[in-house]
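Comments concern the structure below.
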Amino acid sequence: QVQLVESGGGLVQPGGSLRLSCVFSRIIFSIKDVGWFRQAPGKQRELVASITHTKIVQYAASVKGRFTISRDNAKNTVYLQMNSLKPEDTAVYYCNVVPERANYWGQGTQVTVSS
C-alpha cells in the first residue's frame, strides 16, 4: 500500500533551486506532522525540515535560511522549496511522517547539485 509519493528532484547547478512535492494519503496527512529527510551516500538519513498540521516549522541548521517547507492540507501535499543549493545538498530526499514510520519510506527523489 503506497502512502506517499515524492517528486521534483533532478540535477541542478550550485546556487540553483528545486521544489519537491510529496502527496500523502488523506487519512495520514490530516492528523500527522510531516517532514523531509535526506540521505547522502555513506551518511545516515537526516531530518531536513518538519512541519506540523498547524504549520509550525523546524529546520536543520544546514538548510535554515535556504529551504522552506510548507503544506497544503487541502491537497494533502507537503513541499520543500530549496534555494541556493550546494553540492553537499546532494542526496535522495524522502518525505514521511514525523517521527518517521519505517513502512512509509518510498522511493525518494534524487537531488544532485553539481557543476
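The values are calculated or read from the model by the stated rules, or taken from the named source; none is laboratory data. Remember, predicted model here, so these are calculated numbers, not experimental data. In this analysis, Cβ positions are derived from the backbone assuming ideal geometry, glycine residues included, and neighbour counts consider all displayed protein chains. Remember, those area values only see protein heavy atoms, side chains included, never the ligands or the DNA or RNA. Shrake-Rupley method; radii C 1.70, N 1.55, O 1.52, S 1.80 Å.
Structure notes:
- Where Val23 falls short, out of the listed (1) closer than 19 Å to Val2 by Cβ; (2) part of a loop (DSSP other than H, G, I, E, B): (2)
- Subset of region 54-75 [assigned to a loop (DSSP other than H, G, I, E, B) and touching a Lys or Arg at 6+ places or on another chain (Cβ under 7 Å)]: Lys55
- Failed condition for Ile28, given (1) touching a helix residue (DSSP H, G or I) at 6+ places or on another chain (Cβ under 9 Å); (2) closer than 30 Å to Ser114 by Cα; (3) not in a loop (DSSP other than H, G, I, E, B); (4) not charged (D, E, K, R): (2)
- The number of residues in region 31-51 that are polar (S, T, N, Q), assigned to a loop (DSSP other than H, G, I, E, B) and in contact with a Lys or Arg (Cβ under 9 Å, 6 or more places away or on another chain) comes to 0.
- Tally, over region 49-70, of residues that are modelled with pLDDT of 90 or more and either in contact with a helix residue (DSSP H, G or I) (Cβ under 9 Å, 6 or more places away or on another chain) or of a type in the set (Gly, Ala, Ser) (or both): 10
- Among residues of region 76-115, those that are open to solvent by less than 70 Å² (accessible area, probe 1.4 Å), in contact (Cβ under 8 Å) with a residue 40 or more places away in the chain and not in a helix (DSSP H, G or I), counted: 26
- Filtered residues of region 20-45 (kept if surrounded by 14 or more Cβ atoms within 10 Å (Cβ to Cβ) and charged (D, E, K, R)): Lys32, Asp33, Arg38, Arg45
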